[in-house]
1. Pull out the extension gain between Arg314 and Asn124, defined as 0.36 nm times the separation in residues minus the alpha carbon to alpha carbon distance; nm, one decimal.
2. Which shape class, rounded, prolate or oblate, goes with the stretch 182-238 when its Cα gyration tensor gives a ≥ b ≥ c as root eigenvalues, a/c under 1.5 marks rounded, and past that a/b bigger than b/c marks prolate?
3. Could you check the simple spin-label distance between Phe147 and Ile172, using points 7 Å along Cα→Cβ, in nm with one decimal?
4. Which number gives the lysine pairs in the stretch 64-194 that have C-alpha atoms under 26 Å apart and are eight or more places apart or on different chains?
5. Please compute the length gained on full extension between Ala156 and Ile26, using 0.36 nm multiplied by the number of residues separating them and subtracting their Cα-Cα distance.
6. Can you compute the label reach from Lys107? Point 7 Å from Cα along the Cβ direction, backbone N cut-off under 15 Å, restricted to the stretch 35-69.
7. With a 1.4 Å probe and all protein chains kept in place, how much accessible area does Arg162 have, in Å² rounded to the nearest 10?
8. How much solvent-accessible surface does Lys302 expose, in Å² to the nearest 10, with a 1.4 Å probe and all protein chains in place?
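The values are calculated or read from the model by the stated rules, or taken from the named source; none is laboratory data. None of the values given here were measured: they were computed from a predicted structure. Neighbour counts run over all protein chains shown; Cβ positions are idealised from the backbone, glycine included. Side chains included, ligands, DNA and RNA excluded: accessible areas come from the protein's heavy atoms. Shrake-Rupley method; radii C 1.70, N 1.55, O 1.52, S 1.80 Å.
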Amino acid sequence: MSKLGNLGARLYRGEVGYDFIGKRKIWYGVSILITITAILGLSVRGLNMGIEFEGGATFTTPKTSVSAEKAEEYATEASGHAATVQELGTGGLRIQVAGIDTGESDKIKAELSQEMGIPADKINAELVGPSWGQSIANKAWQGLAIFMVLVVIYLAIAFEWRMALAALVALIHDITITVGIYALVGFEVTQGTVIGLLTILGYSLYDTVVVFDSLKEQTKGIEKQTRWTYSDIANRSINSTLVRSINTTVVALLPVAGLLFIGGGFLGAGMLNDISLSLFVGLAAGAYSSIFIATPLVADLKERDPKMKALKKRVLAKRAAAAAQADTAPAVVGHQAGTQQDEPEDAAPAGAGPRNQPARNRGRGRPSGKRH
């Protein structure tokens, strides 16, 4: 068995573990700091909305020796608007100019053909109106709202309302961080971005439900025992599913990273950049929120329940009594050991010999003299 697999088995059996719940204030602080940074990024820089949402034209050229920087200069001079140019894997260029109409599009296409030395009929021009992008944005918001309502209803029925609330907070946390990083990085918001954002919600929810399901199973009949508090069992649930969460997250991130750094970086595929960045950030944030936000928040909400408060009080009282008994035990043992002055310091304790026979050290190493 691999080291990670062995660690996973020990975590599942509760032999080892990390106190995630006990350090929840640290995780809350980290999440609040990241969220504030994301909100500041949105407030200061804002989102770089693509032409799908603002309206404009996209010009796609065949393979050309003209650099992206030079093409951007030509497009900006021809249109009078800021242009965005991306290199395609085919060797061609994708030129986007926002805020222009059909007449301006034909003029820009003609000037690009002349400046870049490419026949006009080889340059593909696509015009997008702002009303289309606004319609897509509205449908995305509606879909997001419906999704979250259904999630809350499902989790409230399958688990309980506290878990539904915690899952909703985790989803909002993931979306805020992903959108904030988009603003800070300056990537263009396109249809691919919307697709990526809606996709990460399902993954984040899946990871959260896995931990919640383990927590639900382990807390059955929790009030009938006095060994564990709800937070203790929540911590065990996280640890028992930790390696599984790590494995699924890494496996999901590897192909997305390939799309982002190889497909988008080296091949210059714009749509791959749009989808893969939102997926990469969202998957990482979803795994983080499932472990460090959702489950600790459930434990906090649950331990405000009077029954869980009473259970925690009984558990802590029992632990205090056991600790007090353990403190007095060494003193009693030491007093009894002090009365055995005839026994050497290196003598074995009673019952340590084979078959639980008393250890006798007097005359050790000499014959007993009882030979017949």
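1. Computed gain between Arg314 and Asn124 is 61.0 nm.
2. Because a/c hits 1.5 or more and a/b exceeds b/c, the stretch 182-238 counts as prolate.
3. 1.7
4. 5
5. Result for the pair: 44.0 nm of gain on full extension.
6. The answer is 57, whose backbone nitrogens lie closer than 15 Å to the label point.
7. Surface open to solvent at Arg162 totals about 30 Å².
8. 40
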